[in-house]
Structures are given as C-alpha cells and as structure tokens.
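Peer 1: For reference, the structure I am asking about is given below.
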Amino acid sequence: MKVLKYLFLLILITFIGGAVFFSLKDGSYSITEKKTIQAHPSVVYEQLADFKNWQNWNPWSSSPDVTNTLGEQTTGIDGNYSFTDEYGNGSMTFTELNPDKSIQAQMNYHTSLTNSESIVSMTLNPVENGTEVVWNIKGEDGLKNKVMNFIFGLDLENEIRPMYQKGLANLEEYVSASMKKYEISNPGLVDYGGGYILYKSKSSNMANFSKEMGTMLQDIMKYMKEENISMFGMPMSIYEKMDISNNSVIFSTAVPVRDRVIPAADSSVLCTYIEPTRAVKITLTGTYDHLQEAWKKGEIFLAQQGYIPSKQPPFEIYKTDPALTPNPANNVTEIYFPIIAND
C-alpha cells in the first residue's frame, strides 16, 4: 500500500510540476513573411479582401488534405470561410478591412484535443517597385496546446513559414498573370461623330512613340489649364503616316474640345476639326503591348470585307487614363479605321 501511495504522490508531483512548467512557458507566437509584388496595392488588395479570391493563391487550397467551404458572405466585415483537414476543422472571419492597405481576420482551429485562436493580418506597403505584402499570424497557446506541442514535437513556425512563403509566391504569380490579360473585340462598322480637337504633331520612330506622345499630351493639357478649356472626350493619337520599313511614324496627339479654339500665332498647340466618318472600330482591353495585334486584326477585317480606307487617317482613342487604372489589364483603347462609305 505504501508503494502505491508513494507512486500516486510521485505521479501527482510530476503532474503538478509539469503543469507549472508548461504554464510558465511562453506560448505567444508571431510569424511574419514578406514579399514585394510589382503591382499597385489596389490590385493586390482585390485578391485579399474576398475569400473567394483566396483560392487563386492560398497554399492550403491546393492541398488534397484540406477542404474549404465558402460562407454566404465572403467579403466585408464578417466575411468568412471554413475548412477541414486531417486533424480538425477551423474558420477564418474578416474583422478589419482597410481598402488598399490591410486586412485582418480571426482564425479559429479545433481538433479532438485542442482549440486555438489566432489573428491573421496582411499589410500592403507601397514601395518603389510595387507593393510589399506583409503576412503575419499571431496568438497565444494555452496550457493544453503547449503540452501537445511538446509531446508531439510540433513547431508552429516550421509549419507556417514555408506555407506563407509559398502563398506569397502564388499571389505574385497570379497577380502578375492577371495584369497581362487582354481581349481584342471583333471589328465592326460605326459612325464616328467628329468634332474639334487641340493637337500637336511630330515625327518619331516607333521606339520613342509612347514617350513623345506623353510629352505632347502634357503640353496640350497644360495649355488647356492655362486657357481654362475643358476636355470633351478622351485623348487620342492620329496616325498621319506610318513607314513600317523605316519604323517611323508622323502622328498627332490630340484632346477633343467642345468648341473651336483659336490659339495664339506662336502657340505650339493647334486646333482643327475632325469630320464625321464611317469607320471600322476595334477595341483592345488590356496593356498597350497588344496594340499591334489589334491593328493587324482590324486591317485583316478591312481587306476581307473589301472596305476602302478613306483619306482620313486612322486613330486611337484612349478610353481610360493609365494613371487612374492600377491594373493595366483594364486599359481600354479604341482603334478607328475610317473608310469610304458606300451609302
């Protein structure tokens, strides 16, 4: 009996000692991974602020051992999803959303032996090359979690950090690919209404075209501001003459205005009137890198339909301002090929 008594006391002392040991052991954790993505914060934020989009890059989404279930609400405060894995089940719920800057969510995880709560945050810091994404998880392990981690040799940081690294790499890859998407519409006949434009003209090689166009547009906008003239449409480029063999172009950069403007005699900004015209129109949605492809599609359509180009030169209208369009995949450019009307 004494042996059993001493054995019981030994077990009791061991239990109490273990409880004291683990209760004094620091259970707090904070794990952070960072990555710079070459994209505007708003483009990255779009992927973070809706749990439906997490399946595009979340490293756990592709695991065969994890099943994700979207909640009825997936964005905004209280937007959520739940998941199950080989050990238990959990959920993520948005608790803070700061557009284009950060998101925060509470993660609950339950197994047959333990329960845990963590705060997951993703912060977007604008940097020179794009956006620094900072992914963090923090929380406090309770006594039971500390004991189980010790018994099974679990190291949360060794489990979380590689997955966060993979997730940020996935996010970068997906965002980069999404910004390269483009679409070219089918060509069609339209009537362009014409109107007055303020313009500047120049000869340039194609390599410098974009730079020259930007400089000329700035000059026109400066002139309009000084003269208190409002835009009456989006900026455009008019291709007076293109020489493919010499890779050169004579073009005008223009801004539509409502009424005729008479510039001073020494002004480099001029005003003219574009006649209304029947034209073949084709629309590019996406980066300007695909303009040549869109032009080619339009030219093939003209040839197939037997349309005769008029003396009025082809032109592009830039329906979106790149400075106000964070995702270049959303840029919209309309291309017009004036033709001789048959009616």
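Peer 1: On average, how much area does the Cα convex hull of the range 183-338 cover when viewed from any direction, in nm²?
Peer 2: Numbers: hull surface 38.1 nm².
Mean shadow area of the hull around the Cα atoms is 9.5 nm².
Peer 1: Compute the relative contact order of the chain as a whole-number percentage, counting only Cα pairs closer than 8 Å that sit 6 or more residues apart in sequence.
Peer 2: Reported relative contact order: 15 percent.
Peer 1: Based on the Cα coordinates of the chain, what is the per residue volume of their convex hull in Å³?
Peer 2: 200
Peer 1: How high is the FRET efficiency from residue 226 to residue 320, r the C-beta distance, R0 35 Å, rounded to 0.05? If you can, show how the numbers build up before the last one.
Peer 2: Details: r = 25 Å, r/R0 = 0.73.
My answer for the efficiency is 0.85.
Peer 1: Okay, moving on. Could you put 40, 110 in order, starting from the residue whose Cβ has the fewest other Cβ atoms within 10 Å?
Peer 2: Going from sparsest to densest Cβ surroundings: 110, 40.
Peer 1: Moving on. For the range 226-271, build the convex hull from the C-alpha positions and give me its volume per residue in Å³.
Peer 2: 100
Peer 1: Under the classification rounded if a/c is under 1.5, otherwise prolate if a/b is larger than b/c and oblate if not, where does the range 26-179 fall, given a ≥ b ≥ c as square roots of the Cα gyration tensor eigenvalues?
Peer 2: prolate
Peer 1: What residues have an amide H closer than 5 Å to that of residue 194, excluding those fewer than 5 places away on the same chain, when H is modeled at 1.01 Å from N in the peptide plane?
Peer 2: Result for residue 194 returns 277.
Peer 1: Rounded to whole Hz and in sequence order, give me ³J(HN,Hα) for the range 298-312 from the Karplus expression 6.51 cos²θ - 1.76 cosθ + 1.60, θ = phi - 60°, writing x for Gly and Pro.
Peer 2: Once θ is set to phi - 60°, the couplings for the range 298-312 become x, 5, 5, 4, 4, 5, 5, 8, x, 6, 9, x, 7, 6, 6 Hz.
Peer 1: Starting at the first residue of the range 203-220, write each ³J(HN,Hα) from the Karplus equation 6.51 cos²θ - 1.76 cosθ + 1.60 with θ = phi - 60°, in whole Hz, x for Gly and Pro.
Peer 2: So the Karplus estimates, Gly and Pro as x, are 9, 8, 7, 5, 5, 9, 4, 4, 5, 5, 4, x, 5, 5, 5, 4, 4, 5 Hz.
Peer 1: PRE reach from residue 292 (point 7 Å along Cα→Cβ): which of the range 186-225 fall under 19 Å by backbone N?
Peer 2: 204-213
Peer 1: Quick one: length gained pulling residue 65 to residue 332 fully straight, 0.36 nm per residue minus the C-alpha distance?
Peer 2: Details: separation 267, 0.36 × 267 = 96.12 nm, distance 4.22 nm.
Stretched fully, the residue 65-residue 332 segment lengthens by 91.9 nm.
Peer 1: Taking the Cα centre of the chain as the origin and placing charges on Cβ (Lys, Arg +1; Asp, Glu -1), which of 44, 207, 235 is farthest toward the positive end of the dipole?
Peer 2: Toward the positive end, the furthest listed residue is 44.
Peer 1: Under a plain spin-label model, where a point goes 7 Å from the Cα along Cα-to-Cβ, how far apart in nm are residue 215 and residue 258?
Peer 2: 3.3
Peer 1: Separate question: Using each residue's phi in the range 249-264, evaluate 6.51 cos²θ - 1.76 cosθ + 1.60 at θ = phi - 60° and report the 3J(HN,Hα) Karplus result to the nearest Hz, with x for Gly and Pro.
Peer 2: Result, ordered by residue: 8, 9, 9, 10, 9, 9, 10, x, 10, 6, 10, 5, 10, 10, x, 4 Hz.
Bear in mind that the values in this text are calculations on the coordinates, not laboratory data. Being a predicted model, the structure only gives us computed values, none of them experimental. All Cβ positions, even for glycine, are placed from backbone atoms using ideal geometry, and neighbour counts span all protein chains on display.
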